[in-house]
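The values are calculated or read from the model by the stated rules, or taken from the named source; none is laboratory data. It should be emphasised that the depicted structure is a prediction, and the values quoted were computed from it without experimental measurement. Ideal geometry is used to build each Cβ from the backbone, glycine not excepted, and the neighbour counts take in all protein chains shown. When the accessible area is computed, the model is the full protein with side chains, heavy atoms only, and any ligands, DNA or RNA have been set aside. Shrake-Rupley method; radii C 1.70, N 1.55, O 1.52, S 1.80 Å.
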Amino acid sequence: MTIEYDQLEPNAANFVPLTPLSFLQRTADIYPQREALIYNQRRYTWAQTRNRCTRIASSLAARGIGKNDTVSVFAFNTPEMFESHFSIPMAGAVLNTINTRLDAATVAYIIDHGESRVFICDRQLWPVLEEALQSCELQPEIIIIDDADAAEKPELPTNVAFSFYEDLVDRGDDTFEWLPPEDEWQALTLNYTSGTTGLPKGVVYHHRGSYLMTMGTVISWALPPHPRYLYTVPMFHCNGWGHAWTMTALAATVVCIRAFIPKLFFELADEHQITHFGGAPIILNMLANAPAEEQKVFDNTIYAMTAGAPPPAKVLESMAQFNFEVMHVYGLTETYGHILHSAPQDDWYQQSIERQAELKARQGVRFSMTEAVDVIDPESGESVPWDAETMGEIAIRGNTVMKGYLKDSGATADVFKDGWFLSGDIAVIHPDGYIQVKDRAKDVIISGGENISSVEVEGVLYKHPSVGEAAVVALADEKWGEVPCAFVELKTDAEASEQELIEFCADNMARFKRPKKVVFGELPKTATGKIQKNVLRDRAKQL
């Protein structure tokens, strides 16, 4: 006799679509007067934060914004950006956060490709948006964040209709009833990442993934209730690693920092008794190299999460002087951020400080919400041996893998194979099961936590009239982790200086993507004429 378990159907009482929006409801219900956000002189409780988000959501809904409508946010780490992680999806829409360092051409591409209906822009960034709108097919509604603490306050447009962010709050309805998504697979956010073609790809997250990312972060980072978190991770990057939702779930106090300055970091961490923060290795490096008179040594342990290019062991080692406990993590935009972490073992603490730093610099083992991560031989499809030598591609499976690339079924199919998401990162597995990245198959350079496509930089170099051939690889950099290094073969009888090419790139793309060094000479090629980047990478190591 078969027990008919499958006849028990889900219903509204026993099945609710997972969404990170539920964290705000719970926290505001239970801890309404606990301080939620601090930004200079502005302070909001959790009750006030929910009220503001509800009003904003109602204002968006009144404009006809709803399910699957894209709302773009071009802003710094201020309360407005934090609120957008709730208010926009509370209206049913999709949040699209945009890198504040992008050039106008890329912003224009994102507006059109993502079909942005509303564009929320920090006033300081208006000149970039203004230029972008001139080449856009779409003209989204413009909403300006007028931050009194902005370093720059350019003139506001006189020929473009716009409203102010606070109008959304003031004119909103705090009785607006926002509902969870009908389906937890519903799109929540749209994040753009540079692909090897140079054009950014639109990575789509769903509600279920972000909910589970929150839970996984709480467990794997061993987060306590009510942490005091300094938001140094750009919230445009993988939705700030999902920490807006994570810190809300824990009823944390979040301190916003508009622009990272080491002196300000130390001051805020001391003033607000910060317990946790996150950032790329460059953030740690900037803290370590700050003037001694600006640095502070803290009595309490401050827990830091770092991700990006593998941090030099020296940088991790230097964090001990401030009483920082650093956890190195690994992930991609396509995986909602971190899915591996260098989880410490008890016996690590018996090692020297130098050896501990080396162990912590590895990418590590899977987060608690990650179903599986492996390193696979690209030829056989089999797992590589745990010998710290045999290289393969990192493959990932779990609920925090993207839905896919927006409007790019071909690229989506390329990365989903045999039940795995293929990362494009080449790694080894150590005998203890910890993964370590050795190379980047797609030649993406991670500089200060930002992804730079080598193909995009090469494309700009090829536009220079003197450039015959060009190849760009990563060059190790003490400050940024990695920077682009261009190897250039000039056309016959043509001339160009290193500085000329660097400035040419800076004028034709986001400045942070420009090469930091240019090496002239004949490029090494295979018998079929393909440039040998592996040879150039070896040369870059000698520079």
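The table below gives the values:
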{"read-out": "FRET efficiency, 1/(1 + (r/R0)^6) with R0 51 Å, evaluated for residue 43 and residue 131 via beta carbons", "value": "0.90"}
{"read-out": "Pairs from 407/491; 153/296; 463/533; 417/438; 407/517 whose Cα-Cα separation, in the structure shown, is over 30 Å", "value": "407/491; 153/296; 407/517"}
{"read-out": "Span-like helix ranges in the chain, DSSP H, alpha carbon extent 30 angstrom or more, Kyte mean at least -1.0", "value": "none"}
{"read-out": "P(r) weight above 13 Å for the stretch 238-298, C-alpha pairs, percent", "value": "66 percent"}
{"read-out": "For the stretch 1-134, alpha-carbon Rg and Dmax in angstrom", "value": "19.1, 72"}
{"read-out": "Whole-Å distance, taken between Cα centres, linking the stretch 385-452 and the stretch 332-380", "value": "13 Å"}
{"read-out": "Calculated FRET efficiency for the pair residue 152/residue 498, C-beta based, R₀ 30 Å, to 0.05", "value": "0.45"}
{"read-out": "FRET E, pair residue 379, residue 354, Förster distance 35 Å, beta-carbon r, rounded to 0.05", "value": "0.45"}
{"read-out": "Whole-Hz couplings from phi, Karplus 6.51/-1.76/1.60, listed for the stretch 65-78; x for Gly and Pro", "value": "7, x, 3, 6, 7, 8, 10, 8, 10, 10, 7, 8, 7, 10"}
{"read-out": "The chain - mean residue ellipticity at 222 nm from DSSP helices (-39,500 (n - 2.57) per run, n ≥ 4, rounded to 500)", "value": "-8000 deg cm²/dmol"}
{"read-out": "Accessible area per residue, Å², the chain with all protein chains present, probe 1.4 Å", "value": "43 Å²"}
{"read-out": "Relative contact order of the chain, defined on C-alpha pairs under 8 angstrom at six or more residues apart (%)", "value": "11 percent"}
{"read-out": "For the stretch 404-416, 3J(HN,Hα) per residue [Karplus equation, 6.51 cos²θ - 1.76 cosθ + 1.60, θ = phi - 60°, Hz, x = Gly/Pro]", "value": "x, 8, 4, 6, 8, 5, x, 5, 4, 5, 5, 9, 9"}
{"read-out": "Length gained when the stretch residue 177-residue 516 is fully extended (0.36 nm per residue, less Cα-Cα span)", "value": "116.9 nm"}
{"read-out": "Rounded to 5, percent antiparallel among DSSP beta bridges of the chain", "value": "55 percent"}
{"read-out": "Radius, Kirkwood style, for the stretch 183-244 when every pair of distinct Cα atoms is counted (Å)", "value": "13.3 Å"}
{"read-out": "Long-range tail of P(r) for the stretch 437-539 (Cα pairs > 23 Å, %)", "value": "21 percent"}
{"read-out": "Label-point separation, residue 321 to residue 345 (7 Å along Cα→Cβ), nm", "value": "3.0 nm"}
{"read-out": "Overall Cα dimensions of the stretch 225-335 - principal axes, largest extent first, Å", "value": "37, 29, 23"}
{"read-out": "Cα gyration tensor shape of the chain, rounded if a/c is under 1.5, else prolate or oblate by comparing a/b with b/c", "value": "rounded"}
